[in-house]
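No lab work stands behind these numbers, since they all come straight from the coordinates. Being a predicted model, the structure only gives us computed values, none of them experimental. Note that we place each Cβ from the backbone using ideal geometry, even for glycine, and neighbour counts take in every protein chain shown.
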Amino acid sequence: MSAQRGRVVAISGGIGGAKLVLGLSRIMRPEDLVVIVNTADDFEHLGLAISPDLDTVMYTLAGLDDPQRGWGRRDESWNFMSALAALGGESWFALGDADLATHIERTRRLRAAETLSNITADFCRRLGIATRIVPMSDDRVRTRLETDRGLLEFQDYFVRQRCAPVVLKVVYAGATGARAHPDAVAALQDSRLRAVVICPSNPLLSIEPVLSLSGIRDVLARRAAPVVAVSPIIGGRAVKGPTAKMMAELGIPVTAVAVARHYGHLLDGYVLDHADASDNIELKIPVVPTNTLMLSLEDREALARTVLAHADRVAKAVG
């Protein structure tokens, strides 16, 4: 396995994004990869600060992720949840015993006025993760959904109500006043920047909150390196999560092309699945069809290589 050089910034949500991030980390030097992770679906539960996307990326890079569920830690035990349910506590959001330690320690340190980014960096160091994982902001941003059942916090919609309500509008509360993390901005301004990769995460729930931060969008608007996105849609369906359902309810065609159009002028290149290859003539940017369904470690590495090769071709064409 040869490491590919040049700084790459990946913008990621949880499960789908974490898979591509793992692929990138396997073919790159650790110091050349920076991952900016969505924190707008963070929330407080049982008095604890929960950061689902950060933890999914962190557990994935540490080799601790659960490959069946896609979230939480592998080889978990559930004694806490069983005891909580027996006492009539709120058990709708499952917290495994090992995972619980992460949330307890994060909460303790946040209450001691430590920043989320510092805590995350220390967790990564202790778990042996060399790749830099940066929360999009240390300020509070929360995704809220206007639905046919009223205004809902994202985790209420996603977990408690199992994505059943019809989504009418997505709101990123606090985004206008939030400050993009300085390390995220610095990585995007790095003169060594080779590419910005938008991972195959939900464009509305995982990527847009990051892009909604003025510090991120302003820097990307002045970028020198190419921005390449990977479609989370394959053949009109999402691999996991409510992406397709939400797009349809918001009047967005459930297609790979519609995702690219959502990102608009931000993109210089796009990667979609072979199943959607016939649609690429509709886009005005270079498009590469490939296998985007990441079922194995080899799939993750292969997609990462394809994405970086595409970014390099785009950069050469416009350079």
Estimated inter-spin distance, His262 and Ala186, nm [label 7 Å along Cα→Cβ]: 3.2
Label the chain by shape, choosing from rounded, prolate and oblate, from the square roots a ≥ b ≥ c of the eigenvalues of the Cα gyration tensor; if a/c is under 1.5 it is rounded, and otherwise prolate applies when a/b is larger than b/c, oblate when it is not. prolate
Can you give the % of DSSP beta bridges in the range 191-319 that are antiparallel, to the nearest 5? 15
Give the shape of the range 143-193 as rounded, prolate or oblate, defined through the alpha-carbon gyration tensor: a ≥ b ≥ c are the square roots of its eigenvalues, a/c under 1.5 means rounded, and otherwise the shape is prolate if a/b is larger than b/c and oblate if not. prolate
Could you calculate the FRET efficiency of Glu298 with Ala98 from 1/(1 + (r/R0)^6), where r is the beta carbon distance between them and R0 is 22 Å, rounded to 0.05? 0.20
Distance in nm between pseudo-label sites at Ser77 and Ala221 (7 Å out along the Cβ direction from Cα): 5.4
Once you order the gyration tensor axes a ≥ b ≥ c over the Cα atoms, which shape class does the range 88-199 get: rounded for a/c under 1.5, otherwise prolate or oblate by comparing a/b with b/c? oblate
Find how much the distance from Arg29 to Lys240 grows on full extension, using 0.36 nm per residue of separation minus their present alpha carbon separation; answer in nm with one decimal. 73.0 nm
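At a Förster radius of 22 Å, what calculated FRET efficiency corresponds to the Cβ-Cβ distance of Leu127 and Arg179, to the nearest 0.05?
0.25
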Could you work out the helix-only [θ] at 222 nm for the chain, with each DSSP H run of four or more residues adding -39,500 (n - 2.57) and the total divided by the number of residues, to the nearest 500 deg cm²/dmol? -10500 deg cm²/dmol
Scan of the chain for trypsin sites (Lys or Arg not before Pro) in DSSP loops with at most 16 other beta-carbon atoms within 10 Å gives a longest site-free stretch of 75-139
Taking Cα pairs closer than 8 Å and at least 6 residues apart, the relative contact order of the range 67-222 in percent is 16
What nm distance separates the two modelled labels at Leu46 and Lys316, each placed 7 Å from Cα along Cα→Cβ? 5.3
Please compare each pair in Lys240/Lys284; Lys284/Lys316; Lys169/Lys245 to a cut-off of 21 Å on the Cα-Cα distance and tell me which ones are over it. Lys240/Lys284
The alpha-carbon center of the range 167-243 and that of the range 23-41 are separated, in whole Å, by 13
